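What follows is calculated from the coordinates using simple rules that are stated; it is not laboratory data. Computed from a predicted structure; not experimentally measured. Glycine also receives a Cβ, built like all others from the backbone with ideal geometry; neighbour counts cover every protein chain displayed.
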Amino acid sequence: MKNTLLNALIFDVDGTLADTEMAHLAAFNSAFAEAGLDWRWDVPLYRQLLSVSGGKERIRHYMQVQNLRTIDGAALHDRINRIHEIKTLHYEKAVREGQVTLRPGVLALLESARDAGLKLAIATTTSPANVSALLGSALGSRWRLYFDVIEDASTAERKKPHPQVYLQTLYRLGMVSSDCLVIEDSFNGLKAASAAHLLTVITPNRFTDDHDFSGAMAVVPDLANVSLHDLMDWHRQASAERSVLHA
Ligand code: XBP
Ligand code: MG
């Protein structure tokens, strides 16, 4: 009988731990203005662009679809990197100014999982600088002590829906997928976790509420009314069903 005990929670960051995407959107637009570009992303366009994970990849995709690529190769790579560096500085400033807070129920779940001895991990497409800014402001300077493993854009080159970030998280946890449960917010995140055979709870937000969440173990508005024991029960049930299906 496969393990049906829940031993680790793996959290996505943007849109899951916190509603960060409005701050990211504002930071992108500030970076475009600072770089002397007349590009301006509004919410409807950004909802579409979020289908591309990774800020640099998102800028490159936008330039492609808008036929804005006047340069190529290394020059384009450097230009995108520079714009993204400026964007990240604007985002970190917004987070430090308290413009982004943890979503409902996130802190309570982190604490109850830690107190129950579960391992906690982060598997995100964003940069370590953004993770540190967000969690430093939300959990204080000792925020890293909550997490046993952090995988981000600096360690997992292939972005969601590619499963690399989740596969590397499992490896570093020293666990198999049936030990764990993922909390995500988006189609790309669900696809990445599912490709790593991980059961996933989705907490949608204003940027992902129309995404296809087929295959999610559960979709809940947020974690405000979800206890660790709920997650343990759901995980036990879903794992048992998987065992029967794959028997
Ligand atoms: C969401 C993303 C990130 C953010 C922007 O990451 O796709 O690209 O939108 O952050 P997550 P960067 O996997 O946490 O949902 O500009 O640093 O990429
Ligand atoms: Mg996300």
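General remarks:
- Sorted ascending by nearby beta carbons within 10 Å, beginning with the fewest, ILE80, ILE71 become ILE71, ILE80.
- With contacts taken as Cα pairs under 8 Å and at least 6 residues apart, the range 21-96 reaches a relative contact order of 47 percent.
- Range in the chain, longest, excluding exposed GluC sites (Glu not before Pro) [loop by DSSP; at most 13 other beta-carbon atoms within 10 Å]: 1-96
- Whole-number percent relative contact order across the range 85-228, with pairs defined as alpha carbons under 8 Å at least 6 apart: 22 percent
- What you get for the chain, charging only the Cβ of Lys and Arg (+1) and of Asp and Glu (-1), is a dipole of about 480 debye around the Cα centre.
- The range 21-96 shape via C-alpha gyration tensor axes, a/c threshold 1.5: oblate
- Summarising the label geometry, the points placed 7 Å from Cα in the beta-carbon direction at SER132 and THR70 lie 3.5 nm from one another.
- Ordering ASP233, ASP148, ASP210 from the fewest to the most neighbouring beta carbons within 10 Å gives ASP210, ASP233, ASP148.
- Against the chain, whose longest principal axis is taken from its Cα atoms, helix 128-139 shows a tilt of about 60°.
- Theoretical ellipticity at 222 nm over the chain - DSSP helices of four or more residues, -39500 (n - 2.57) apiece, nearest 500: -14500 deg cm²/dmol
- Rounded to whole numbers, the Karplus 3J(HN,Hα) couplings from phi for the range 63-76 are 4, 5, 5, 9, 6, 9, 7, 8, 10, 9, x, 5, 5, 5 Hz, using 6.51 cos²θ - 1.76 cosθ + 1.60 with θ = phi - 60°, and x at Gly and Pro.
- Considering only alpha-carbon pairs that sit under 8 angstrom and 6 or more positions apart, the relative contact order computed for the chain is 27 percent.
- Shape call, the chain: gyration tensor on alpha carbons, a/c limit 1.5: prolate
- Listed residues ASN188, ASN81, ASN130, most fluctuating in the chain (Gaussian network, C-alpha, under 10 Å): ASN81
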